[in-house]
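What follows is a set of notes on a single structure, which appears directly below.
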Amino acid sequence: MLVFIDESGDSGLKIDNGSSRYFVVSLVVFEEEEEAINCDKRIELLKSELGFSKTTEFHFSSNSDKVKMAFIDAIMPYNFFYYSIIINKDPRKLFGDGFKNKESFYKYTCGLIFENAKDKLNNAIVIIDESGSNGFKTSLQNYLKTKINKKDCNNIIKKVKMENSKSNNLLQIADYVSGIIAKSISKKNNKINFRDKIKKREIFVQTWPR
């Protein structure tokens, strides 16, 4: 079982000074490695079909609507599912010193989404988009293993790895899911309802705090 994590928005709380209104983290799960490999190959083929180089990274926030639809159409035949969590950074609802620290904010958010998904996970290899210092990467790995792998269910996470999304096509799916969820709660007019396009892969999307 392979699990890919990426986010949309930022963990900053200064919304009036440019921080995003919401912080979205998504967890994309492939239960079968062969299915993940085939999806990865399809994304590589899509790059060629669109005239992109092999090093091109699909990124929801910067792709055109045409490319977004091509990417979604390419991945949807493959069997994966996703969970997302939307952190509402309204200062009237989100408070506490821990949320002022980027690393603790991110760890707490990952903990919430894994709590939601743990019943579906078994010996999962978790791949997270590379970010932060080496100390942050190590602390996040340890945090997820100790928080989720409790004594009575210690087979949920097998391994946690950090990889660069530019060289991992399946992490780019997690980027897309997070971007789509973030866009779905935006007040801006959306010409295309991208969330409807991936809805059948959605297990649970939580907004926290309510």
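The values are calculated or read from the model by the stated rules, or taken from the named source; none is laboratory data. These numbers were taken from a predicted model, which means no experiment stands behind them. So basically every Cβ, Gly included, is an ideal-geometry build from the backbone, and we count neighbours across all protein chains shown. Please note that ligands, DNA and RNA were not included when accessible areas were found on the heavy atoms of the full protein model with its side chains. Shrake-Rupley method; radii C 1.70, N 1.55, O 1.52, S 1.80 Å.
Data for the structure
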item	result
Residue within the stretch 59-66 that is in contact (Cβ under 8 Å) with a residue 24 or more places away in the chain, part of a helix (DSSP H, G or I), surrounded by fewer than 18 Cβ atoms within 10 Å (Cβ to Cβ) and out of contact with any Ser or Thr (no Cβ under 8 Å at 6 or more places or on another chain) present	yes
Residue check for GLU163: closer than 30 Å to MET69 by Cβ, modelled with pLDDT under 90 and of a type in the set (Asp, Glu)	no
Odd one out for ILE15 among (1) touching a Lys or Arg at 6+ places or on another chain (Cβ under 9 Å); (2) aliphatic (A, V, I, L, M); (3) modelled with pLDDT of 95 or more	(3)
Of residues in the stretch 187-200 being part of a helix (DSSP H, G or I) and of a type outside the set (Val, Ile, Thr), the one most open to solvent (accessible area, probe 1.4 Å)	LYS200
Flag for SER104 being over 24 Å from SER139 (Cα atoms) and without any contact (Cβ under 8 Å) to a residue 12 or more places away in the chain	no
The stretch 166-210: number of residues that are at pLDDT 90 or above, more than 17 Å from VAL67 (Cα to Cα) and charged (D, E, K, R)	4
Residue among SER64, SER53, SER20 that alone is within 19 Å of ILE181 (Cβ to Cβ) and of a type in the set (S, T, N, Q)	SER20
Residue within the stretch 73-84 that is touching a strand residue (DSSP E or B) at 6+ places or on another chain (Cβ under 8 Å), more than 26 Å from ASP196 (Cβ to Cβ), of a type in the set (A, V, I, L, M, F, W, C) and buried (at least 17 other Cβ atoms within 10 Å of the Cβ) present	no
Scope the stretch 138-186; condition part of a loop (DSSP other than H, G, I, E, B) and either more than 23 Å from GLN206 (Cα to Cα) or open to solvent by less than 30 Å² (accessible area, probe 1.4 Å) (or both); matching residues	ASN154, ASN155, ILE156, ASN164, ASN168
Flag for GLU103 being under 25 Å from TRP208 (Cα atoms), part of a helix (DSSP H, G or I) and at pLDDT below 85	yes
Answer from ASN169, ASN116, ASN155, ASN190 - the residue that is over 15 Å from the mean Cα position of the chain (by Cα) and either closer than 19 Å to GLU31 by Cα or among the aromatic types (Phe, Trp, Tyr) (or both)	ASN155
